[in-house]
Every structure is written in C-alpha cells, then in structure tokens.
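Single-structure report; data block below.
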Amino acid sequence: MDSAKKYLAMVKDTIDQLDESAIDAAAQAFLDTYHKGGNIYTFGNGGSGASASHAAGDFLKGASYGLDKRFRMICLNDNLPSMMAIANDIGYEDIFIEPLKNFIGPNDLVIGISGSGNSENVVRAMTYAKEQGVKTMAMTGFKGGKIAAIADISLNAPVMDMEVTEDIHMIMFNIIKKEMMQTLLGENPSMGKVYDARTP
C-alpha cells in the first residue's frame, strides 16, 4: 500500500536524522544513575504514557534480569489511583510533579515524554526536577517544545508526526536498554538467560 511506503519512508528518514551523541549521553545517564543507586522516573500522557510504562517494564525485567544490582525505574503514570486523586483534588497539570515531591532524590534521573514537548503536566514536573538539581531528560518530537529547552539531555524525533514520534521514542529506549545489557551483562541482549526459556 502507498500509505505504508510513505509511513516507513518517514520513519527511516527520521532515524537517519537522530542525534546519536544525545542517545549516547542518555545511555550514560542511565548507567550513572544505576551505579549511584538512584531511581529513574518516566512519565507522559496518552501514547507517551504507554511508552513510559513500556520502558519501565523493560528495565525492571529485561535490563535487570541476571543482575545482583537492578535498575530502579518507576513510571509515574502507572499509579492510577494517586494520579486520579491528584487530578481531581488539585489539577491534571500536577499529576507528575506531586509524586516527584514524594520520591525524588539527588542521584535520580527524570525522563519526561511529550510528543509536542509542551504538555503542561510534563513541563511542571521537569521544571521541578531541574530546580532540585536532578538530572533530566526530555523525549520529544516536532520541534522539541518547552521540555527540550528545560532538560539536560534532549532526545528529539525530528518529525512533524505524532505516530512516528512515538515509534522513535521506543527505538531510542530499546537502544539504551541493549547498551545497558551489553555493558552490565556482557552478552548478546537478545539471547541467553535474560529471556524466559519458553520464548521461541
């Protein structure tokens, strides 16, 4: 189908334009946080929230399995009761900043995900983390928006398309995950003890 060709062409073009040095910096931030025993927080709305949850699951299992010391990665939009209580009693704009106030520490890494880069609840949480002197990373699309300017590390999918942006974000998370597994486990991250024996 012509639409499939166009979409795949857009994905390939976006991949070719990615800033590899920024991805390397992001991987180093993950590794530094791991060695310091800090927490990694991810969060976002809609599809970005799904990516945040997916990545946290990947690091809790895939990137940690077989390690004595494990990644401590928490997706803030996974706690629906607290998120809904904050949205109802305080405001939707504060659903991410409020839990950060409970948990954030100096050795942590805060990752805000927003296609536009301008989601107010993500902006507020990223601003708060920055004010606390905590390492921040923005994952965006389009022109990067506000959080790209706030963050220490900006991972931007340079494309004016939300679906492709979401695809690229998971590609970047998977690159970082594989780098962590290769560094810490010293093995092919797609084989061996990392995966359940039932996996084909």
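Taken together, the values in this text are just the output of simple stated rules run on the coordinates, not laboratory data. Keep in mind that what you see is a predicted model, and the values were worked out from it rather than measured. FYI the Cβ positions are ideal-geometry reconstructions off the backbone, even for glycines, and counts take in every protein chain you see.
Brief remarks on what is shown
- Segments 126-137, 67-78 sorted - mean Cβ within 10 Å per residue, highest first: 126-137, 67-78
- Gain in span if fully extended, Glu20 to Thr183, counting 0.36 nm per residue against the direct Cα distance: 56.9 nm
- Pairs of Lys residues in the chain, spaced 8 or more positions apart or belonging to different chains, with C-alpha separations under 19 angstrom: 19 in total.
- Averaged over residues, the count of other Cβ atoms within 10 Å places the peptides 38-46, 83-91, 107-115 in the sequence 107-115, 38-46, 83-91, highest first.
- Cα-derived Rg to Rh of the chain, Kirkwood definition: 0.97
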